[in-house]
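These notes are about the structure you will find just below.
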Amino acid sequence: MSEIAKDQGAVGDWISEKIFMGMSLSAYFRKLITPFNVIALLILAVGIPLIVQRYIHGLGYVTHGSQNQPFSLFLGWGLFTGVPLAATGFIMASAVYLFGMKEYKSLVRPAVLTGFVGYFFAVTFLLIDLGRPWRLPYPMVHSFGPGSVLFLVAWHVALYLSVQFLEFSPAILEWLEAKRIRKWALAITIGATIFGVILSTLHQSALGALFLLAPGKLHPLWYSPYIPVLFFVSAIYAGLSMVIIESTLVYRFMKDKVDPKNFKTIDDLTIGLGKAASLVLITYFCLKLIGVAHGNHWHLLNSSWGFWFLLEIFGFVLVPCFFFIAGVRKRNVALVKFTAFIAVFGIVFNRIMVSLVASSWSLQHAEFLHGKELLVVVTVVTVEILAYRWIVNRMPVHREHPAFPGGGH
Amino acid sequence: MDTLFDFVTYTKGIEYLIAVAFLVMFIPFWFLATSTRAPQPERAAAAETVGRLEDMVGGFLVPDSVYFHPGHAWARVDDHEPDLVTVGIDDFGQKLVGNIEGIQLPDIGAEVVQGARAWNLRLDGESIGMLSPVDGEVVAVNPDLTLEPEKINRDPFGSGWLLKVRPTRKSANIKGLLSGNFAKRWIDEATSRLMENSEYATGPVLTDAGPSRQGMARTIDAENWDRIVRDFFLVTE
Amino acid sequence: MKINRRGLIKSVFAAGGSAALARPGKAAAGVEHFTGNPDRYGCLTDLTRCVGCRSCEAACNEANGLPKPEVPFDDDSVFEHERRTSEKAYTVVNRYDNVRTDAKPVFRKIQCNHCNEPSCASACLVNAYTKTPEGAVLWNKDLCLGCRMCMLACPFYIPTFEYDKPVPKIQKCNMCHDRTSQGKMPACVEACPMEAIAFGKRSELIKLARERIEKEPDRYIDHIYGEHEVGGTSWMYISGVPFERVGFDEHLGVVPFPQYTRGFLSAVPLVLVIWPALLGGFYLFSERREELDDREKSGKPGERA
């Protein structure tokens, strides 16, 4: 009888320590009432029923249901934008483990987590968008269409999600204090990193390659055989910028979950990331020009679509490139952080253009936004932020677990 | 252009021109982006810095594995060199003085005595002495400090070490030093003493913004900061 | 027809094997040339004969068991707007002004064109589309995930998706594959009172189209739409007015759409094979550099750089 009571006590203690961060239930729930949480709860209260309705009534309940424009924000944002923004993992892991830039080590784990959460919720968006989401495993195990680029994307996202999970598992195992399994998880880091870079190279570019099948539908300024390369290169600076943004937000809003040592180095690291991003941005700018040259589409720049294209490459690629350089040279960390936001916005702009807007340029009637679509997207993004925060609060992501000094890896 | 051949000839030509122009432009671009070398962050590979959440006391690192002298020097026995102790300045001390411009260390072979003056810090035109935590013979000094004395500020328990000493009375010395919870309490008291002296809250501010370049002492009293420092370092000059 | 993993592998080997057998003694050409099944069927729609009676729509609706529409098939009011196929209509007829004579408007029937090299099939990640030997492009309801990639890929905007069903299907014309397998004609072909649609072997239909154009050069535009567009389609058209005026896209080119992704797909195995050595090399290089750095710093004697 006392044994059972002891076990129950042990489980209760474990839950109290790991899940509620050592607080009593009432204290925990009291702490939950913050403005951000209240807004998040409101969003979820509206959004989650919407998502349930989508499964009951069909996809048309939450999208504009167009036969001429099959893709909506769920793929436009969730997949095409979400995936490059989750490129943080493979970039930081290769910088630290493959290129030996050990000074960025404090940023690897958060980057891997951002990547894992990003891909996980990209799959969530897929499950909302697919007509028959229960058949998601089909291209993996049931029927193969190897001539399809989407087949490649499906396989790679599934594999990459697993790789990101494995790369992040040491953090989870430290949280759970599972010493032996953690050792094994650490040993596979280099292999997982290399594999992750291979997968990322392929699927970041594959997302672009999907549009190769729509030469008439995607506006010629964005359509070129170079789309796969453009998507891959832009994913690199998207990842770098997201690392800057993520660390800026966490170091500002979750100070107590960050190792105090890191505050001394983060400014230098941010500058370094900005420097790298500027190099990628100038490269990307040139590649965009080559894309236009390849199809000899210069005359198209002189049109309303041309305006948007020029806005994209000058305002959202060249401008952040030079802002980054200015920030790096003058050691203006605030400028570098601000520029990261511009760069990420540029990515969102580009991906939405390619997947939704510019790919219906020849249609008479084109619709882009459906109110419910936006609501669902906001809901899922809210869940994503909450999940990320939940993990950073409890697991050693930005700090070391006291029982595992040195942070592993 | 009627034929694919004409088209490709023309467009490929333009593409190559753009690519070559890019390569030429890239050289000055590279210098523009990389010339101002930002101070490189420390390579954490050696991971000697013993900084853990639990070791923070009011914003100052007080690692468990280290023995502290009341004059804010420390001594540590390293696993791979059990015959030697490493000696340095503690986190409170380096934050107190701020950016160290130079340091005058004893020569190799020199003798140090616990509680006696062993080295001098140079900053803001002043020379501040500090007391050795142990008795012994100096067998090594940190070579990086001549060029980069700010390493002491950046990593006082790791790459900012000062001396390696072969101790002559190790156990007796250690009895006179503070460690673990005692050390933490002592730093806590030192902090309170410091705060009585100033109007600012020094603790949390320092954690967030990193080491203040001018140090806590100069922030409190720009004129007589050296007296405050010597007070804490238990030296008269 | 369900193609599972084993079936796919078998069919891949079978295709390769029969290709090797079909050309005995032919030296390796080095240039690709795919003819498709030379005996495949097709349809030829003669736009000069269509009067817009919509009997084809009615017949298709009945043959495929589709729900009856709100506006009946003999109602002309549907011609006010240009329609496209929908999940309840595999084929629709649209009306266009005749640029040659005002008197007689031109009608055009849209349905899946059953391309020689279907873009939809190429896009499908679960291989849910099949180009049958008979020419029809079929969709498999047992495999489809509802990703709608085929809808993006189709240059003719044909596949439709049941947005309003919780278990949705892709809907499109299947060239009445069940009927043609039994030796019958597609329902729309049989129903047409003007015999505007001819059904037969694609190669024969091309000859027929050329004959008609030659016999009455004033009546027809000298072009068979679908003969070469997007690599050729099984469903072709001849018309008395320029095709662009009747809703056809004349800028699709002659390249089969699957060709557009081949370049990228061919790079994939290269990355898979080259990256491990390349990245592993970076890793070893940076480890060695760090090792040399450490030796330098601690003053230990080591390898010469």
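With neighbour counts taken as other beta-carbon atoms within 10 Å, the residues A:129, A:267 rank, fewest first, as A:267, A:129. Classify the range A:298-409 as rounded, prolate or oblate from the Cα gyration tensor: take a ≥ b ≥ c as the square roots of its eigenvalues, call it rounded if a/c is under 1.5, otherwise prolate when a/b beats b/c and oblate if not. Note, shape of the range A:298-409 comes out oblate. For a modelled paramagnetic label at residue A:365, 7 Å from Cα along Cα-to-Cβ, the residues of the range C:74-101 in reach, with backbone nitrogen under 13 Å, are C:80-84. Per residue of C:260-271, other chain Cβ atoms within 10 Å of the residue Cβ number 6 on average. Normalised by residue number, the volume inside the convex hull of the Cα atoms of the range A:70-394 is 144 Å³ per residue. For the range C:64-132, the set of GluC sites (Glu not before Pro) satisfying both a DSSP loop assignment and a count of at most 11 other C-beta atoms within 10 Å is given as C:70.
Applying the Karplus relation 6.51 cos²θ - 1.76 cosθ + 1.60 with θ = phi - 60° to the range C:216-227 yields 3J(HN,Hα) values of 10, x, 7, 7, 10, 6, 7, 6, 9, 6, x, 5 Hz, where x marks Gly and Pro.
For residue B:32 and residue B:146, what does the FRET efficiency come to when R0 = 35 Å and r is the distance between their Cβ atoms, rounded to the nearest 0.05?
Given R0 = 35 Å and the Cβ-Cβ separation, E is 0.60.
For residue B:65 and residue A:142, what does the FRET efficiency come to when R0 = 51 Å and r is the distance between their Cβ atoms, rounded to the nearest 0.05? Working from the Cβ atoms, E equals 0.35.
With the helix formula -39500 (n - 2.57) applied to DSSP H stretches of n ≥ 4, chain A reaches a computed 222 nm mean residue ellipticity of -21500 deg cm²/dmol.
Among the listed pairs B:184/C:297; A:31/A:264; A:102/A:255; A:255/B:95, a Cα-Cα separation exceeding 26 Å is found for B:184/C:297; A:31/A:264.
Cross-link partners of residue A:18 among aspartates and glutamates, defined as those whose alpha carbon lies under 17 angstrom from its own and excluding same-chain residues fewer than eight positions apart: A:7, A:174, A:177, A:256, A:400. The modelled label-to-label distance for the pair residue B:104/residue B:3, using points 7 Å beyond Cα in the direction of Cβ, is 8.7 nm. All other residues whose Cβ lies under 10 angstrom from that of residue C:233 are scored, Lys and Arg at +1 and Asp and Glu at -1, for a net of -2. Treating each Cα of the range C:177-283 as an identical point scatterer and summing with the Debye formula, the log10 of I(q)/I(0) at q = 0.10, 0.17, 0.22 Å⁻¹ comes to -0.49, -0.95, -1.25.
By other beta-carbon atoms within 10 Å, ranking B:168, C:160 with the fewest at the front produces B:168, C:160.
Does chain C come out rounded, prolate or oblate by the C-alpha gyration tensor, with a ≥ b ≥ c the root eigenvalues, rounded set by a/c under 1.5 and, if not, prolate when a/b is larger than b/c and oblate if not?
prolate
Note: relative contact order over the range B:62-233, using C-alpha pairs below 8 Å and six or more positions apart, is 28 percent. Of interest is the spacing of the C-alpha centroids, which for the range A:78-99 and the range C:171-189 amounts to 50 Å. Taking a point 7 Å out from the Cα of residue A:18 in the direction of its Cβ, the residues of the range A:182-201 whose backbone N falls within less than 19 Å of it are A:182-186. Taking a ≥ b ≥ c as the square roots of the Cα gyration tensor eigenvalues, the protein assembly as shown comes out prolate, since a/c reaches at least 1.5 and a/b is larger than b/c.
Remark: spin-label model distance residue A:179-residue C:245 equals 8.7 nm, labels positioned 7 Å along the Cα→Cβ axis.
Calculated FRET efficiency, residue B:214 to residue A:30, Cβ-Cβ distance, R0 = 35 Å: about 0.25 to the nearest 0.05. Each of A:286, C:176 has some number of other Cβ atoms within 10 Å of its Cβ, and from fewest to most they run A:286, C:176. The ratio of the alpha-carbon radius of gyration of the range B:62-233 to the globular-protein estimate 2.2 N^0.38 Å is 0.98.
In the range B:62-233, a dipole from Cβ-located charges (positive for Lys and Arg, negative for Asp and Glu) runs towards its positive end, and of B:65, B:142, B:229 it is B:65 whose Cα lies farthest in that direction. Against the main long axis of the alpha-carbon atoms of chain C, helix C:202-215 sits at an angle near 50°.
Partner lysines whose Cα lies under 21 Å from the Cα of residue C:109, excluding those fewer than 8 positions away in the same chain, are identified as C:68, C:88, C:172, C:184, C:201. Between the helical axis of C:5-22 and the longest alpha-carbon principal axis of chain C there is an angle of about 80 degrees. Angle of helix A:149-176 to the longest C-alpha principal axis of chain A, folded into 0 to 90 degrees and rounded to 10: 20°.
A short reminder: the numbers here are calculations on the coordinates, not readings from a lab. Computed from a prediction, not measured in an experiment: that's the story for all the values here. FYI the Cβ positions are ideal-geometry reconstructions off the backbone, even for glycines, and counts take in every protein chain you see.
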